[in-house]
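For reference, the structure is listed below as structure tokens.
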Amino acid sequence: MRGFKAAAVASGLKKMQTADLALIVSEREASAAGVFTTNKVKAAPVLLSQKHIQNGRAFAIIANAGCANACTGDPGFEDAVRTAGLVGKALGISPEGILVASTGVIGQRLDMEKVSEAIPPLAANLKTEGIQAAAKAIMTTDSFFKISSFDGQAGNQPYRILGMAKGAGMIMPNMATMLCFILTDIQITPETLQKILSTSAEKTFNRISVDGDTSTNDMVLVLANGMAGNKGLSSEDKNRFEEGLTTVMNDLARMIVRDGEGATKLVDVVVYHALSAKDAVKAARTVANSSLVKTAFYGQDPNWGRIMAALGRADIEMDETRVDIGINDVQIVSRGLGKGVEAEKMAAEIMTLPEFTVNIDLHQGNHHDHVITSDLTHEYIDINADYRT
């Protein structure tokens, strides 16, 4: 990626001695935009990054895994401030140009001795090919690192969008989810970048769920350093950039659900013909977050009664005698009544696939939406029961 370097080191913050501290740096000051968790319990790095990004400019992102630095009070905030200061000193830039991110266990202070020892060698080992190492360093319960890219043109100048993300559990966003860092060399104003990012987040990260939990540390950050050399953006350029950014974020969002803790299925819950846009997403989200529905996905059981029950408590306008439900192209419910054993057998066969779609038609209006979810397995319980031990 033109104009960006990255590095990762093992500082000892994780229980396993693997890379847990990542640094991403732009060669020049970049336009910066971000969306952050709407959880009322916000981690110290979220609060600090929200403050630092207010002017729409940044140079670098420092992220650690193994400790969320959440619910740590004023001392935790000072740890985040100190982290930015250490990075600023190592790079020779103002700490206000550093965005800070953390992921890991809530309620524990950062080991600042380890962080302070790791930052100088981290800054000294920045490389243009260091993005993959950075993507690996921010992983916690992830089983694979997540990277996506898009190539486009603006004003006849080629540019690239490169995104990385971590996330497998505590995934049910509202304005952001997990950690996601996106880099691009396009020239774009901070205001336009923020608008496009918020729009893209709503269509992608705000449409996924693994377990219905919104983290204290969620953030999506974008740095655009302008080194592509384009002079401004036409309306067509802006639309193309939004399309590219949405593509990258959608790729990463789907990877997160596919990598959901213990997950064996990726399921797209699609709701058609809702009375309102709000009803459409509420219906999809309620079904996608239902533990009973998700365990049925795991068991490859087209138990449509659980879907109907979820819809009935979704606080939407509905009439059960109008509802149709299908698994991919196999209809299992028509006008609120089951289509019989043979239809369910066909649906069960489809549910053995790693990815499938649940189609729900409410026959109430003209609005549709979707939420991508995963199944709920024994392994999810094992992972989270032993998370701190």
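Applying the criteria of a DSSP loop state and at most 14 other Cβ atoms within 10 Å to the GluC sites (Glu not before Pro) of region 294-386 yields Glu317.
Estimated from helical segments only, the mean residue ellipticity of the chain at 222 nm is -10500 deg cm²/dmol, where each DSSP H run of four or more residues counts as -39500 (n - 2.57). Modelled this way, with points 7 Å down the Cα-to-C-beta line, the labels at Glu355 and Ser291 are 2.9 nm from one another. Considering the zone a paramagnetic label at Glu202 would reach in this model (a point 7 Å from Cα along the Cα-to-Cβ line), which residues of region 222-261 have amide N under 14 Å from it? Nothing falls inside the zone, counting backbone N under 14 Å.
The lysines within cross-link reach of Lys294, meaning a Cα-to-Cα straight distance under 20 Å and a gap of 8 or more places when in the same chain, are Lys265, Lys282, Lys345. Taking other residues whose beta carbon is less than 12 angstrom from the beta carbon of Arg160, and scoring Lys, Arg as +1 and Asp, Glu as -1, yields -1. Compared with the direct C-alpha span, the chain from His378 to Gln331 gains 14.0 nm at full extension, assuming 0.36 nm per residue.
Restricting attention to region 1-83, lysine pairs at least eight places apart or on different chains and with alpha-carbon atoms under 26 angstrom apart total 6. For Lys238, a cut-off of 21 angstrom between C-alpha atoms picks up these lysines, skipping any fewer than 8 places away in its own chain: Lys195, Lys203.
No lab work stands behind these numbers, since they all come straight from the coordinates. Owing to the predicted nature of the structure, the values given are computational and were not obtained by experimental measurement. Here Cβ is always computed from backbone atoms with ideal geometry, including for glycine, and neighbour counts include all displayed protein chains.
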